[in-house]
Amino acid sequence: MSDDCLKPQTDWKGVFQKYESKDYRKECEGCGRGYHGNRWDAHHILPGVVFGQITDPFIHECLRTTDFDINKPYAMGGLPKLTAFILYFQKDKTVPFIFAREQTVTMQRWGAVTQYANQAHMAVTFPGDLPVHNPCNWGHTLYNDEVAKRLKRNVWLELESLRKKNKHPKPEDIRAMLEDEVTYFWNQLTSIGKGPGGGGLSGAEANLRNRYDKSKDGWWKPLCMSKGVTSPPVSPSLL
C-alpha cells in the first residue's frame, strides 16, 4: 500500500501518517520520554514510513479498525539532534575539538552552533545518553528497516495466523501489540544511548570526550539509532 492508502477516511479510527497531525511536535513534548531541550526532535517510535510499506490488504483493514495514532504521546519520544550535543559541549574547554579530524560537516560546526530563537529562553543542558535523530544517516534509515522487519514478524504475521484459524483480530488486541512494539523500540534506543562505544567507554558523554583517543574507534556508536551502523557516519549538516 502507498501512503495514500493509509489516509484516514471517515470510518477510520487510527492514524498512521506523520503529517495527519499538525501538532505532533507539541504532542511529543508531553510524552514523558527522552529529551525536549535545545535542538530536540519529535521521534515517531513506529515511523509512518513503515506503515506506508504495507502491501497486504488484510493488514490494512486491521489497521483501519484500530484506535492507534502514531502522533500521540504514547507513540512518541524526544530525541536530540547531533547539534544539541555540540551546543552543550562546545563551550567546555575540557572537551577536545580538532577541526581537521572531524569527519562530518555537523561536527565541524563545533563552536558555531547557536540556540534557535524560539528556544533562547531555555537553559543549555546535556541531552542525555540518547541517540541522535538527525542527521538521519546516523541510523534512522536502518532503524526504519528494523521496525518494519519486527512488525512483520511480531504483528503482521501473527494477525495472518489468526485469520487462518478463522479468528477475528480484535482492535484492542492489535493496539496492544503495537504498544508493545513502541515499548520495545524505545527501550532499544535508550539502551544504545547508554551502551558501549569505543575503548570500553559507555554513553554519549564519555565517548564524545574521548573521541580522539580511547574511544576513537567507536565514539559514535551510542549516538546512532541502530547498532547496524558499523563505521563513523559521514554526512552533510542538517541544521
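The values are calculated or read from the model by the stated rules, or taken from the named source; none is laboratory data. As the structure is a prediction and not an experimental result, all values here were calculated from the model. A quick note on method: Cβ atoms are made from the backbone with ideal geometry, for glycine too, and the neighbour counts reach across all protein chains shown.
Can you find, within the stretch 82-95, the residue that is nearest to Pro135 (Cα to Cα) among those that are touching a helix residue (DSSP H, G or I) at 6+ places or on another chain (Cβ under 8 Å) and surrounded by 11 or more Cβ atoms within 10 Å (Cβ to Cβ)?
Of everything passing the filter in the stretch 82-95, Leu82 is nearest to Pro135 (Cα to Cα).
Taking into account only those residues within the stretch 183-215 that are surrounded by fewer than 16 Cβ atoms within 10 Å (Cβ to Cβ) and without any contact (Cβ under 8 Å) to a residue 24 or more places away in the chain, which is farthest from Phe97 (Cα to Cα)?
It comes out as Thr183.
What are the residues in the stretch 36-58 that are modelled with pLDDT of 95 or more and either in contact with a strand residue (DSSP E or B) (Cβ under 7 Å, 6 or more places away or on another chain) or among the polar types (S, T, N, Q) (or both), if any?
Within the stretch 36-58, His36, Asn38, Arg39, Trp40, Asp41, Ala42, His43, His44, Ile45 qualify.
Filter the stretch 1-35 for residues that are assigned to a strand (DSSP E or B) and either modelled with pLDDT under 75 or under 13 Å from the mean Cα position of the chain (by Cα) (or both) and give the result.
Across the stretch 1-35, the qualifying residue is only Gly34.
Here are the criteria: (1) over 22 Å from Lys221 (Cα atoms); (2) buried (at least 20 other Cβ atoms within 10 Å of the Cβ). Tell me which single one Pro73 does not satisfy.
(2)
Let's see how each residue does on (1) in contact with a helix residue (DSSP H, G or I) (Cβ under 7 Å, 6 or more places away or on another chain); (2) farther than 20 Å from Ala84 by Cα:
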site	(1), (2)
Met177	yes, yes
Thr183	no, yes
Asn187	no, yes
Asp213	no, yes
Met225	yes, no
Thr230	no, yes
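Does Leu79 satisfy being touching a helix residue (DSSP H, G or I) at 6+ places or on another chain (Cβ under 9 Å) and crowded, with 22+ Cβ neighbours inside 10 Å?
Answer is yes for this residue.
Within the stretch 216-239, can you find the residues that are outside any helix (DSSP H, G or I), in contact with a Gly (Cβ under 6 Å, 6 or more places away or on another chain) and touching a residue at least 24 places away in the same chain (Cβ under 8 Å)?
Those that are outside any helix (DSSP H, G or I), in contact with a Gly (Cβ under 6 Å, 6 or more places away or on another chain) and touching a residue at least 24 places away in the same chain (Cβ under 8 Å): Cys224, Met225, Ser226, Val229.
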